[in-house]
Amino acid sequence: MDNVSFNGEFTGSERSKKRRRSNNENSTKEGEKAINIQVVVRCRARIEREVAANSPIVVQATPREIKVWANPQDMMPYKTFTFDKVFGSDADQNRIFDTIVIPILHEVKAGYNCTLFAYGQTSTGKTFTMEGKLDICNGTLNPDAGVIPRSLYYLFDTLEAEQADFSVKISYIELYNEELKDLLSSDSDARQLKILDDSNRKCVLHGHEEVLIKSAEDGINVLKQGSMKRQVAQTNYNKNSSRSHSVFCITVHIKETMPDGEDLLKVGKFNLVDLAGSENISRTGAENLRAKEAGKINKSLLTLGRCINSLNEHNQHIPYRESKLTRLLQDSLGGHTKTCIIATISPAKLSYEETISTLDYAQRAKNILNKPVANQRVTKKALIKEYIGEIERLRADLLAAREKNGIYLSQDTYQSLVDENQSRKDENEELKKLNENLKQRVERFEQENSIINRKLLRQISINNHHQKVFQEFHQMMLSVTSQLEYKFNEIKSVHIGFGELMYNKAREFMERRENEISVIVKCIEERIDRSILQKDQIIQIFDNQEQIAINLSDELSKFREETLKLMDQKGRELLKSASTTFSTFQNELSNQFEKVRSYQVKFGEDLSGLMKTTQEHIASQNQAIVSFRNFTHETSNSQIDCMIEQKHLLTQLAEEDVLSRKSMEEEILSNVLETLKKYGDEHSTKVKSFINNVQDIIQKNVDSVKSFDEACTNVANDMNAANTSYLTNFNNRYDTSKENLLALKNENRLARIDTIEDNIFAQLDECKDAFKSKIISLDTFASSAVKETSELQKRHAQSFNSYATDVTQGFSEFQNQFLRTRTDSETMTKCVFDLNQANANATSGLYINFINQVQRSREEINSLSEKFNDSDTKIRTPTTKRVR
Ligand SMILES: Nc1ncnc2c1ncn2[C@@H]1O[C@H](COP(=O)(O)OP(=O)(O)OP(=O)(O)O)[C@@H](O)[C@H]1O
């Protein structure tokens, strides 16, 4: 068979090249267009092993994005990746095929080379995606059938439906431990294959079988046989882990009839690559052979990664030649092939690191640009001619062999064999030299390789050790975390308890204070009521005083009227008797009578002067009484104003107290101790100033009462003095008149005059006595009024004093109450302080525990780290110099 390059181009011979003819201009144009590799992600559901390990889901898939959390509790994902398409666990095989593979198959049918990779950690579903379940029931695929069986069915179904003239060939190769094997070789020991470079330095796979299949079922059977030969091993993750990379290749030839009637063959190729798991070797549990195998698998994958990175960075040199896998896939990465990568991942936290690494890998691959170019068409005639020539040559050889014994060949074949032999000999010589070189290089490589292998093994053991140490560390961190959690819960509960205690204490305190304050307010209100009562009493007293003053004034008016009446009556009586007496003796005693008359006139003048003085005295008394009444009235009014002011002050204080109590209550709630102190201080200052105010007012009242008393006494004294001087004056005048009369009597010596004299004197004495008794009764009334007033004033002063004592006592009680409140506050402060202290002690105990715990953890971590460093140093000490 012809050699076929991995990208599907025929490279077998120059002959075939000559026969090729490009008749598809578009394909060249199209090929010039660079397109990105398509990268999709498939995330399966958790498998049994992950569920059993209680490994939570840390991956979330949306149609274009995939989010990965380091911990499921984290709010934000650790990383979000964007891809061409993302399939979650709900995407079945059919959906993957319809969405991703059918468009690729159209390209294959159009004559393109296409590649589909499955890349991912072991057990993430690469083989499931590519092959899936291969059983067929009544010509129907299993629903879990993967991309390969579905592609075979699709190609046959569609091409048959299109009634196309086509043929389908398949090949199946495996790359295991950097060795290529043909899985379809009929030899029991699958033949080893070689990758050679053609004249265009393109990789050509040499010597593998390509099986022509007539139906999809044929293809599936071939796939099954090949799959059975694949290197499969059991790892920690997958019972049937594919330990090799495999490439299943479907080549489709489709006949096309051109308008000129010429038949051309379109060749399309579909490479389906199932890579070995990309995981960390130690995690998979690979040992000995498996580790070596993993190393080789990794070599291919590492080179694949490096090629992807180099393509991503647009480097000039892409290290395709460093592994067989990348040599095979060269055209699919940055070449002319249409490529799609399916990155498979697990959603479980167990695979978190590998998932991130797979997604990073896939992310980088997204930037690779390919320039797909459709394969050139081959004319059917040329192809048939080529095949006929081949058959002819084989037939001639067969004929020669049949006719003679031994080896018989046709002349042409013999000549070509001789030429070939000679060329082989030359080639052999060249190869020998090359071989020598290679041997030397191989030796060097082997030395290097053994060093690298040793290093690798050391590295692997270091890795294992690291893994172990970090697992221990992880365990320890888990226990520390749970202890921390426990400690923090303890602290939290202590704080909650403290908070509740504080709240209850504060509430209790507030309730107590509220009750006390309401008692105080009640007390103040009672005092205000009492003050109002006392004020009413004082007003009553002043009303009484006013009444007394009015009575006194009435009494004085009455006295004046009576006195005037008496004077008038006595005067008239006196005049009448005198005229009767004098008319009897008129004639007899005209001379004497003349004297008596003049005396009488004088006495009348005296008497009217006396009357006038008496009237003036009474008027001045009246005046004094009126001014006394006004003074009393003014004093009463000022007292009433004082009382009203006091009442206002008390009301204001009560209102202020209510307001300040409210604001204080609010403040107390926010800062109980400080506010209580402030409240107590402010209140005692206020109470003191209020008491001072009240005491001032009381003092003023007492002073005004005293001055009122003094004024009353002064008025009474003035009245007494006026009455006494009036009496003295009256007595003096009376005595003078008496003396004048006696002198007159002595002068005239008349008997009648004696009688008259006696009569007059008797009447005058009578008048004098009546006047005296009136004056005395007035005096008695005035002094009794003064006494009564002074008693009233005393009572008034007493009442004020008792009121002042009452107020002072009340406020001292009030002050005591606040002192008690302050003491209570201090007790409460102490209680809070004690609680705080207790809490601080408890917290510091917890803190010390916590610190000890952390210290112990640190020490453990340090010892682990020391162990880790020791072992790391031990492992690293005998390092060998790298051989170039
Ligand atoms: N999308 C999926 N739906 C259901 N089951 C799946 C899916 N993907 C994988 N599995 C199951 O997970 C297990 C591992 O899958 P598979 O063997 O295909 O993994 P792999 O990636 O090829 O592993 P390895 O690299 O070790 O070969 C299998 O039992 C498979 O049936």
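Tabulated values for the structure
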quantity: Accessible-area composition of the range 449-529, carbon plus sulfur, in percent [1.4 Å probe]; calculated: 59
quantity: Equivalent ellipsoid dimensions for the range 21-141 as semi-axes, Å, which come from the Cα gyration tensor, largest first; calculated: 34, 22, 10
quantity: Calculated FRET efficiency for the pair residue 565/residue 540, C-beta based, R₀ 35 Å, to 0.05; calculated: 0.45
quantity: Average accessible surface area per residue within the range 52-184, 1.4 Å rolling probe, Å²; calculated: 41
quantity: Cα Rg, Dmax (largest Cα-Cα span) when computed across the range 446-529, Å; calculated: 35.1, 117
quantity: Calculated FRET value between residue 178 and residue 495, using beta carbons and R₀ = 56 Å, to 0.05; calculated: 0.30
quantity: Residue-level accessible surface for residue 317, protein heavy atoms, 1.4 Å, Å²; calculated: 130
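The values are calculated or read from the model by the stated rules, or taken from the named source; none is laboratory data. As the structure is a computational prediction, the values presented were derived from the model and not from experiment. We place every Cβ from the backbone using ideal geometry, glycine too, and count neighbours over all the protein chains shown. Calculation scope for accessible area: heavy atoms of the full protein, side chains included, ligands and nucleic acids excluded. Shrake-Rupley method; radii C 1.70, N 1.55, O 1.52, S 1.80 Å.
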